[in-house]
Amino acid sequence: MALIAIVYVIQAFKIPTGSMENSLMVGDFLLGLKFMYGAPIVPFSQDLGINQRFPAVTDPKPGDVIIFKYPGTEKKDYIKRCVAGPGSVIEIQQKKLIVDGKELLLPPRGKFDRNGNLENDEIVNFKPLRIHKKGDIINPSTLENREFLFFKHMVHQENPRANVTVQYQLYLNGEFANDRTFSFSSINTTMSDLQQDKILRQDPQSGRNVAFNLNRLDNWVEIESYLSFIKSKFPLENPEIRQVLFLDGKPVTEYKVKYDNYFMMGDNRDNSLDSRYWGYLNRNFIMAKAFILYFSWDKDIPLWQLPLKIRWDRIGKLIRSWDGSEFRNVKM
């Protein structure tokens with residue numbers, strides 16, 4: 001019975017970072033309910049591209065705190081709050097979250113911790129974006145850099161067993177120029193080389209040399225920076241970079257969305273790697289609805305002070321959705 005519960009009913013999760021503070025704290029231990037959104041009939045079948053589930057009690061809704069698989073190259077589980085669902089239009093104006101023309105206020109225990117300052121203006125002021133829903137037909141050639149990376153991540157989530165890659169094509173004065181040499185990280189390279197693990201760069205965290213590859217970048221802000229840098233190397237030749245998505249080696253010219261998508265954000269808005277950076281969360285990658293805290297301790301208090309280390313007041317707290325009635329109209 002315990003095994004059945006673990007596979008189909010509940011999921012344990014530990015909060016590793018401060019991205020959901022102060023709604024959820026580092027050191028919180030919680031349970032998520034898999035059956036709320038429909039647990040997979042065959043365990044781990046999502047990794048095989050199979051999305052057959054038991055009937056859901058409810059669909060994910062804006063305001064829910066959700067446990068999900070990270071939709072990038074990193075293999076780990078994340079937890080964020082859903083702020084918008086399929087078909088909605090989302091934007092950010094000076095950190096104000098706007099969904100379908102209405103401002104969604106920060107959850108009561110959410111916070112901003114950088115006094116209004118973030119490194120990238122495109123995150124502080126996020127241009128309007130419509131979230132893809134099941135049945136949408138997408139022409140990837142019409143997408144700009146941010147939308148294209150979001151589209152790539154969505155295709156990967158819907159086709160986890162497929163080989164999903166992007167070819168970045170450099171054009172100078174209208175002519176294909178992927179073999180033109182330019183200086184990158186103190187060496188001479190080409191656009192083709194930057195997509196093939198041929199360039200080694202030092203990892204600032206480990207200090208080791210690692211292969212650089214444009215295809216492995218999960219953050220659209222970072223990709224935008226690199227593409228702008230490459231274009232700056234050819235200022236007099238009308239540089240243009242086109243992006244072509246390949247699914248199992250075949251270029252994608254039109255794509256029909258298989259599942260609904262959602263936009264996720266951390267309640268600690270200035271300290272959260274979320275949909276603003278990596279894009280939509282596909283229904284296929286959603287695992288459980290966060291439900292209750294069963295334990296919590298403060299990592300900054302030493303273990304020998306165990307009674308003080310435990311946050312007794314947090315144990316047994318329910319994890320609540322943020323009421324959608326807290327929307328307010330925004331003057332456009």
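Yes/no matrix, rows are residues, columns are (1) surrounded by 14 or more Cβ atoms within 10 Å (Cβ to Cβ); (2) within 19 Å of Asp260 (Cβ to Cβ); (3) more than 19 Å from the chain's Cα centre (by Cα):
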{"residue": "Phe68", "(1), (2), (3)": "yes, yes, no"}
{"residue": "Thr73", "(1), (2), (3)": "no, no, no"}
{"residue": "Ala84", "(1), (2), (3)": "yes, yes, no"}
{"residue": "Gly87", "(1), (2), (3)": "yes, yes, no"}
{"residue": "Leu97", "(1), (2), (3)": "yes, no, no"}
{"residue": "Asn139", "(1), (2), (3)": "no, no, yes"}
{"residue": "Leu149", "(1), (2), (3)": "yes, no, no"}
{"residue": "Lys152", "(1), (2), (3)": "yes, yes, no"}
{"residue": "Val155", "(1), (2), (3)": "yes, yes, no"}
Output the number of the condition that Asn213 fails; it satisfies all remaining conditions of (1) in contact with a strand residue (DSSP E or B) (Cβ under 6 Å, 6 or more places away or on another chain); (2) modelled with pLDDT under 90; (3) within 21 Å of Lys250 (Cα to Cα).
-> (1)
Options Tyr262, Tyr255: the member that is touching a Cys at 6+ places or on another chain (Cβ under 8 Å), within 23 Å of Arg283 (Cα to Cα) and either of a type outside the set (A, V, I, L, M) or at pLDDT 90 or above (or both) = Tyr262
Run down Asn139, Asn159 and say which single residue is modelled with pLDDT of 90 or more and farther than 17 Å from Gly87 by Cα.
-> Asn159
Among what's in the stretch 284-312 and is outside any strand (DSSP E or B) and among the basic types (Lys, Arg), pick the residue that is surrounded by the fewest Cβ atoms within 10 Å (Cβ to Cβ).
-> Lys299
Being in a loop (DSSP other than H, G, I, E, B) and farther than 27 Å from Phe229 by Cβ, is that true of even one residue in the stretch 152-160?
-> yes
Would the stretch 14-29 turn up any residue that is of a type outside the set (Val, Ile, Thr), more than 20 Å from the chain's Cα centre (by Cα) and at pLDDT below 80?
-> no
Unmet criterion (only one of (1) of a type in the set (A, V, I, L, M); (2) free of Cβ contacts under 8 Å to residues at least 40 places away in the same chain; (3) closer than 29 Å to Asp274 by Cα) for Leu236 | (3)
Sort through Asp270, Asp274 and tell me the only one that's of a type in the set (D, E, K, R) and under 19 Å from Gly85 (Cα atoms).
-> Asp274
Out of all the residues in the stretch 109-124, is one or more assigned to a strand (DSSP E or B), of a type outside the set (A, V, I, L, M, F, W, C) and not assigned by TED's automatic domain parsing to the domain that holds Trp278?
-> no
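The values are calculated or read from the model by the stated rules, or taken from the named source; none is laboratory data. This structure is a prediction, so every number in the text was calculated from the model and none was measured. As a convention, Cβ positions derive from the backbone with ideal geometry for all residues, glycine included, and neighbour counts pool all protein chains shown.
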